[in-house]
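Student: My structure is below; once you've seen it, I'll send some questions.
Just so it is clear, none of the values below were taken in a lab; they were calculated from the coordinates. Quick caveat, the model's predicted, so the values are computed rather than measured. Cβ atoms come from the backbone with ideal geometry, glycine included; neighbour counts cover every protein chain shown.
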């Protein structure tokens, strides 16, 4: 089935809209991890090429156009992929939310009762003055790769891939945060989200001694002091989901990982879009390289594509593909 463009959305790329997204992007469901590795460095520089995007917080369409107009990636805005599953449908949905406005369409279920939903999200805005390669170009690049890999698969659940705006200040943890608007819309229409996974700043790793810090000294006694792992973080309410995801990831991934279910008031625990879904009663986790607790270029002008470790970044994405498959079978 072809990727479909809404009539109101003109192509924002040089590729022909008659081609499928996989053909245009070059990432197909059969791509190997090596092929994924060759594409992720393509997405991150394309995302950062437009510079800071926070100044466009009131115009989500402008953000996306700015970020992808010189790229061969199809436009995220109103881009949709629907593949019927045994009980539901898999969809790649990009949502640009501002106040009560969101763009994109939700795949409809074929089952008599609403199916469980697995939602993979990443925010695509950055702070003033930062290109945002790691925060959060890395998360968006991973989401795109996972969406492409999932596009042709038959699923038991509905699988959504959603890009959010307004995660950064001045909307951070507020009512106009794009994911908060979206989560409230999900709750209002009765969506049964069984897992929300936020891809947040996932591209930086270090083997240097004492390269990993923590928001609490006590955590430093329990977790590694070297920042060579990917982190899985949740609030206490989402600890069951956290355990499932970490177990699935460790079963397949070839990169160290650490998991922590902590009270949401601990600094860093709620610092991404999973917070919005917690507020609406949904279980959610954040996947992260721990951002300011490891990444020296966090929220700065030096957060550029050359700072990312694409080999280990790819291992995270490959592991997350298996996590999505595993969650769908539960």
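Student: Listing 262, 242, 222, 199 from the residue with the fewest other Cβ atoms within 10 Å to the one with the most, what is the order? Show your work: numbers first, answer last.
Tutor: Working: 262 19, 242 22, 222 10, 199 26.
Ordered by Cβ neighbours within 10 Å, fewest first: 222, 262, 242, 199.
Student: Just to be sure I understand the model, the point goes 7 Å from the Cα along the line to the Cβ. What's the resulting residue 226 to residue 208 distance in nm?
Tutor: 1.5
Student: Given a Förster distance of 41 Å, report the FRET efficiency between residue 311 and residue 192 from their Cβ-Cβ distance, rounded to the nearest 0.05. Could you put the intermediate results ahead of the total?
Tutor: Values: r = 37 Å, r/R0 = 0.90.
So, using R0 = 41 Å, E works out to roughly 0.65.
Student: Further question: How many angstrom lie between the Cα centre of the range 270-330 and the Cα centre of the range 190-261?
Tutor: Cα centres, the range 270-330 to the range 190-261: 9 Å.
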